[in-house]
1. What percent of all Cα-Cα pairs in the range 250-306 falls into each 10 Å bin, going from 0 up to the bin containing the maximum distance?
2. Probe radius 1.4 Å, ligands and nucleic acids ignored: give me the carbon and sulfur share of the accessible area of the range 149-218 as a rounded percent.
3. Under 10 Å, Cα contacts only: if you run a Gaussian network model on the chain, which one of LEU114, LEU254, LEU148 comes out with the highest mean-square fluctuation?
4. What would the Debye formula give as log10 I(q)/I(0) at q = 0.13 Å⁻¹ for the alpha-carbon point model of the chain, no solvent?
5. What's the local net charge at ALA37, with K and R +1, D and E -1, over the other residues with C-beta under 14 Å away?
6. Computed FRET efficiency, Cβ-Cβ of GLN263 and ASN129, R0 41 Å: what is it to the nearest 0.05?
7. Got a number for the accessible area of LYS103? Probe 1.4 Å, square angstrom, nearest 10.
8. Which angle from 0 to 90°, rounded to the nearest 10, does the C-alpha axis of helix 173-190 make with the longest principal axis of the chain?
Amino acid sequence: MSPPEIVQCVQLAEELGYESAWVAEGHGGDQFAILTACALATSTIKLGTSISSVFVRSAPTIAMAAACVDHYSQGRFILGLGSSHKVQVEPEHGLEFSAPIPKVRDTVEIVRTLLRDGNLVNYRGEVINIDTFDLHFPVLRPDLPIYLAAVFPRMLEIAGEISEGILLTWCTPEHARTAAHHVAIGAGRAGVESSSVELATLLSVAPPGAGDGGMRRVAATYAGRFPRYRRLMAEAGFADDVELVLRAWREGNLPRAERLVPQRLIDRMSLPSDAGERRERLAEYREAGITLPIIAPRVAGEAAGKSALEIIRGNAPA
């Protein structure tokens, strides 16, 4: 979608009663610029990044961007952070991807310190060192919420320990239960109630009438490009299938990779098109510990904006 189309989607989501809207980043536009436009075009819906990479922006830059969007939204902003992926950070940005967990920890601490104190002197972290950075403007909320992307136990526990929320994707209900368990361990380590940590997941939805072709393409891309999601799919019971998808992907046979994505993987990692089945699946996710299901339209092509609007209408809160 184009940036203006994303703003239209967020405006519609607010009109229909959605609680929050989230903008990813990798390709497709600068998320903080788009969220600023969304903030000026709306009045009640919360706005979040899902996610902003700690590798492609410096920690002070992230703090400044977050504080600015929070001003424009009048306190509706949520900062979603994560490490992104080596296969994106290095070839696409020309940056070294190393020590992702310490990088996330240091970034969270720096952002929080800047928002709270306005300046930071002689920060010495595990992987980030900064001398004297000052925001030079007052923040709206020094306690702006930070959510962290996490997939496996170590990061889930750290996220439960240091963040206000967790952002999952390609999550089955079974993985949601595992995630909730590890988040509770981390929260307990920090002396906070695990119920105070939001557990969110992106739930893929295909356009009405599109069948599973688009979803297969997205699933094949994640299985082929991203080791952590390939592992997640394998641990969900699809190891043999994912290996076949990966082999076809590496051979450059993308149509075959898409065809090899099993229907049952799509069924377990996305929302069904039937409204009744969708309500049942959402209830299953909530029972597993998900407190914030996020509708994630999987759209592409010239009609992407129109398709996303249809998905937002079709999945509006009752």
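1. All Cα pairs considered, the percentages come to 17, 37, 32, 13, 0.
2. 53 percent
3. So, out of LEU114, LEU254, LEU148, the one fluctuating most is LEU254.
4. The calculated log intensity ratios at q = 0.13 Å⁻¹ are -1.00.
5. Working: positive: ARG76; negative: GLU5, GLU14, ASP30.
Taking every Cβ under 14 Å from that of ALA37, the sum is -2.
6. With a Förster radius of 41 Å, E is 0.25.
7. Rounded to the nearest 10, the figure is 50 Å².
8. Tilt relative to the chain: about 20 degrees.
The values are calculated or read from the model by the stated rules, or taken from the named source; none is laboratory data. What you see is a predicted model; the values in this text were computed from it and never measured. Ideal geometry is used to build each Cβ from the backbone, glycine not excepted, and the neighbour counts take in all protein chains shown. Calculation scope for accessible area: heavy atoms of the full protein, side chains included, ligands and nucleic acids excluded. Shrake-Rupley method; radii C 1.70, N 1.55, O 1.52, S 1.80 Å.
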